[in-house]
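First up is the structure itself, then whatever we jot down about it.
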Amino acid sequence: MKALIRVNTYHATKPQPLRNVPIYTPSIIAVQSGRKILKWHDDALTFNKKNWLVIPANQQLTFVNEPHQAQFNSVQISFLSPPSEGIMSAIDNHNHKYNHNLQHIERPLIATDTALDFVFSQLIAIVKQKLSIEVQQHYLNGFYQQLLEIGALHLLFPASTLSMREKVSRYLSSNPADHHSIETTCKHFATSKATLTRHLAKEDALFRDVLAEVRMLHGLSLMQQYSYTQLELALRCGYQSESRFGQRFHQQFGITPKQYMKTVMKPTMRNIA
């Protein structure tokens, strides 16, 4: 059964400083314990149990996850299906009314309340159920409506259409370790290499960089689940060379795989090679 949302959990036992973490699907991150300190332009925003980080697609985040009493935990919901046409029209009207532009950059933060916490927990719960697309969309539109009513949905969906980078990232993320090439990707989208390259260039993106970002983010997710060796991580992320994987990981996040693993490792887990 196709899922309309994806849920990922993250934890740390030591501070996790990460830079340039790609967000290629509209997402909400809820910190459950500890705090996340996000670099936001010339400011630093702090997220804890009282607020959410709301991020549209095609962003890169630089932050530190700080544990409280050796525990940091967060949940990220990625939204794979947009709001209904009626709700999206309301977003477009909001954006037109307030003329959102580069001179008016809103903070990606909303305060939570019991109503938001309830609908958020409902979304997490439906992931574990085998529900039809129609039922999932019903729950999802209810959540979108709640965000719309508090004037926050435009933070998640500032535009009504998907960018090419977002489309490509979603396609690649379904199987990050596959032998993806720009040719096979063009075939999937029924377009030419020149057209795909041109569309990505308009968004200041290159195919190889999008693929690398998707694979590095997959690597982060894998290390949250189990203590793999660096060779295992490299192979599961589509790299044949563990040294190349390690170099790309450090280039992306400013931290090595070994350093990152130490922030999530429990005493009973084996270390990464």
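The values are calculated or read from the model by the stated rules, or taken from the named source; none is laboratory data. None of these values were measured; they are calculated from a predicted model. Reconstructed Cβ throughout: ideal geometry from the backbone, glycine too, with neighbour counts over all protein chains shown. These area figures cover heavy atoms from the full protein model, side chains too; ligands, DNA and RNA do not enter into them. Shrake-Rupley method; radii C 1.70, N 1.55, O 1.52, S 1.80 Å.
In this view, the solvent-accessible surface of Ile87, computed with a 1.4 Å probe and all protein chains in place, comes to about 20 Å². Computed over neighbours whose Cβ is under 11 Å from that of Asp117, the net charge equals +1, Lys and Arg +1, Asp and Glu -1.
For segment 41-197, the calculated P(r) over all alpha carbon pairs, in 5 Å bins from 0 to the bin holding the longest distance, is 1, 6, 14, 16, 18, 17, 13, 9, 4, 1, 0 percent. Ranking His188, Cys237, Phe118 by how far each Cα lies toward the positive end of the dipole of the chain (charges on Cβ) leaves Cys237 at the top.
Taking every alpha-carbon pair under 8 Å whose residues sit at least 6 apart, segment 93-242 reaches a relative contact order of 20 percent.
Legend: helices of the chain (whole DSSP H runs) are marked when their alpha-carbon atoms reach 27 angstrom or more along the helix axis and their mean Kyte-Doolittle hydropathy is at least 0.0; marked are 207-225.
Packing-based ranking of 132-140, 51-59 yields 51-59, 132-140, ordered from highest to lowest mean Cβ neighbour count within 10 Å. Listed by chain and number, the lysines placed with their C-alpha closer than 26 angstrom to that of Lys202 are Lys39, Lys167, Lys187, Lys193; residues fewer than eight positions away on the same chain are left out. Ordering Thr46, Leu140, Phe253 by Cα displacement along the dipole of the chain toward the positive end leaves Phe253 in first place; charges were set at the Cβ atoms of Lys, Arg (+1) and Asp, Glu (-1). Pairs of Cα atoms nearer than 8 Å and 6+ residues apart set the relative contact order; for the chain it is 22 percent. Taken about its Cα centre, the chain carries a charge dipole of roughly 840 debye when the Cβ of each Lys and Arg holds +1 and the Cβ of each Asp and Glu holds -1. Ranking Glu232, Glu213 from most to least accessible surface, computed with a 1.4 Å probe over the protein chains only, gives Glu232, Glu213.
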